[in-house]
Amino acid sequence: MHEPSERTDGSPVRIGALAPLTRPGWTEAGRHLLAGLELAAREVNDAGGIAGRPLELLVRDTAADPHRAEAAVEELARLGVAAVAGEYHSVVARAAAAQADALGVPYLCSSAVLDALTEQPTDRVARLAPAQSRGWRIYADFLLSGGHRRVAVAAEPSVYWASGTRILRDHLAEHGGTVVELDARAAVCDELAGSGATALLLLAGSPEPAVSIVKAVRRDRRLAEIMIGAPAGQPEFAGWAASLGGDGAAIPFLRYLPERLGPLGARVGTALRERLAEAPSFVAFEGYDTVTVLAEVLRTGGSWSSVAVEGTRGEIRFSRTPGISVWQWAWPPIQVADRDPAEPDRFRILRTG
């Protein structure tokens with residue numbers, strides 16, 4: 001880490017905060033991520049800051065654009081930040097991680113799950129979210145447990161969606177399952193009706209085209225028995241329920257929360273609800289935990305390998321995980337959940353891992 005705890009002049013310790021706050025970024029996720037980051041920063045400062053120096057977030061909007069993220073990291077490095085934090089979109093976080101690593105700036109990724117967050121192993125980058133290969137394999141096991149062995153994916157072009165498709169295909173194949181790839185931008189219903197699939201996974205952005213695909217499938221009588229799933233977590237956010245109502249329920253997705261929050265998580269959840277004026281998503285908790293970890297590392301002058309912090313979702317420790325190029329919290333809690341058809345604002349936990 002940089003030298004923030006060594007100065008005693010009262011100048012702020014600056015952390016660059018990346019989040020998708022405008023379209024085409026997933027702005028709901030960005031808003032929740034920023035709420036968590038800001039709440040934790042305020043609490044750090046209320047508790048005396050970093051060795052008496054206030055913590056200051058320099059927020060930059062990535063708008064889901066890797067080039068904007070690269071430019072933001074370069075600017076933040078020039079401004080002398082002690083670290084960079086945040087980001088939700090995997091492809092954007094990968095660009096930010098590469099730039100931070102190249103410039104020698106520590107980066108703690110809050111939410112992106114793409115396994116290959118950096119091309120080469122690095123000690124400068126760490127991640128709080130579980131790797132995609134772990135979460136999506138748990139999701140594949142959930143599909144198999146429900147008898148789904150022929151699964152269709154409606155996918156947009158992206159390294160992230162392609163990686164997810166590969167994980168699902170490989171894991172299902174081990175159990176005699178297959179994946180049928182459909183173009184999320186084409187006539188999904190006609191292709192799905194003739195595919196023989198019993199489940200359709202939305203590997204596509206929210207609200208569009210994911211919301212339109214759900215509406216089309218729900219209204220197609222040929223597809224009445226098709227289960228819709230969304231491993232990337234689209235139904236987690238209130239905007240999903242607002243756009244789809246009952247049609248958005250019973251769509252299983254991944255979220256990174258324990259079955260029950262402990263005292264810290266419950267307290268933070270209440271504060272986040274007040275800040276957001278709605279139920280906080282797991283992304284908001286990831287934001288809070290990000291700043292909590294960084295504050296501890298900056299206070300102690302330690303490294304990713306030495307940190308042990310109570311987070312909102314359990315004790316956070318980083319380690320080297322085979323196949324993962326960055327320091328990884330191994331492992332955050334993982335749920336497969338959905339919205340209850342009888343009460344779409346309530347979540348049901350279907351599987352944990």
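Our coupling estimate for region 252-265, obtained by passing each phi through the Karplus curve with A = 6.51, B = -1.76, C = 1.60 and θ = phi - 60°, is x, 8, 8, 9, 10, 9, x, 4, 9, 6, x, x, 5, x Hz, Gly and Pro reported as x. The angle between the Cα long axis of helix 159-173 and the longest principal axis of the Cα atoms of the chain comes to about 60 degrees, rounded to the nearest 10. Surface composition of the chain: carbon plus sulfur atoms hold 48% of the accessible area, using a 1.4 angstrom probe and ignoring ligands, DNA and RNA. Amide hydrogen proximity for L201: with H placed 1.01 Å from N in the peptide plane, the residues at 5 or more positions away or on another chain lying under 5 Å are A152, V153, A154, G229.
The label point for A238 and the one for R23, both projected 7 Å from the Cα toward the Cβ, are 2.0 nm apart. D by Stokes-Einstein for the chain, Kirkwood Rh over Cα pairs, 10 °C, 1.306 mPa s: 77 µm²/s.
Measuring max minus min along each principal axis, the C-alpha atoms of region 30-90 give extents of 36, 27, 14 Å (largest first). The mean sequence distance of close C-alpha pairs (under 8 Å, at least 6 residues apart), as a share of the length of the chain, puts its relative contact order at 19 percent.
Seen from every direction in turn and averaged, the convex hull around the alpha carbons of region 144-187 projects onto 3.2 nm². Rolling a 1.4 Å probe over the protein heavy atoms gives region 213-353 an accessible area of 41 Å² per residue.
Based on C-alpha pairs under 8 angstrom that are at least 6 apart in sequence, region 193-236 has a relative contact order of 54 percent. Available extension along the chain between S303 and L79 is 78.4 nm, counting 0.36 nm per residue and deducting the alpha carbon span. Convex hull volume of the Cα atoms of region 212-304, normalised per residue: 131 Å³.
Just to be sure I understand: of the beta bridges DSSP finds with both ends in region 1-153, what percent are antiparallel, rounded to 5?
Details: 1 of 18 bridges.
Taking every DSSP beta bridge within region 1-153, about 5 percent pair in antiparallel fashion.
Once the Cα atoms are used to define both axes, helix 282-300 deviates from the longest principal axis of the chain by about 20 degrees.
For region 299-320 versus region 197-263, the inter-centroid distance based on Cα atoms is 33 Å. Of the three principal axes defined by the Cα atoms of region 83-222, the extents in descending order read 55, 32, 18 Å. Taking trypsin sites (Lys or Arg not before Pro) across region 153-262, the ones in a DSSP loop with at most 14 further Cβ atoms lying within 10 angstrom of their Cβ are R185, R219, R260.
In the chain, the DSSP beta bridges split such that about 30 percent are antiparallel, to the nearest 5.
For region 9-50, the Kirkwood hydrodynamic radius from C-alpha pairs, put into Stokes-Einstein at 4 °C and a viscosity of 1.567 mPa s, yields a diffusion coefficient of 112 µm² per second. Helix 27-46 and the longest principal axis of the Cα set of the chain meet at an angle near 30°.
Rounded to whole Å, the principal axis extents of the Cα atoms in region 31-145 read 52, 31, 27, largest first. Modelled this way, with points 7 Å down the Cα-to-C-beta line, the labels at A187 and V59 are 4.5 nm from one another. Given a 1.4 Å probe and the protein chains as shown, E28 ends up with an accessible area of around 40 Å². Residues whose amide H comes within less than 5 Å of that of F318, counting only those at least five positions distant or on another chain, are V307 (H built at 1.01 Å from N in the peptide plane).
Starting from the Kirkwood Rh over alpha-carbon pairs, what translational D in µm² s⁻¹ does region 244-353 have by Stokes-Einstein at 10 °C and 1.306 mPa s? Value of D from the Cα-based Kirkwood radius: 102 µm²/s.
The rule of thumb for compact globular proteins, 2.2 N^0.38 Å, goes into the C-alpha radius of gyration of region 167-221 1.20 times.
The values are calculated or read from the model by the stated rules, or taken from the named source; none is laboratory data. These figures come from a predicted structure and were not determined experimentally. Note: ideal-geometry Cβ built from the backbone for every residue, glycine included; neighbour counts use all protein chains shown. Keep in mind that these areas ignore ligands, DNA and RNA; they rest on the heavy atoms of the full protein, side chains included. Shrake-Rupley method; radii C 1.70, N 1.55, O 1.52, S 1.80 Å.
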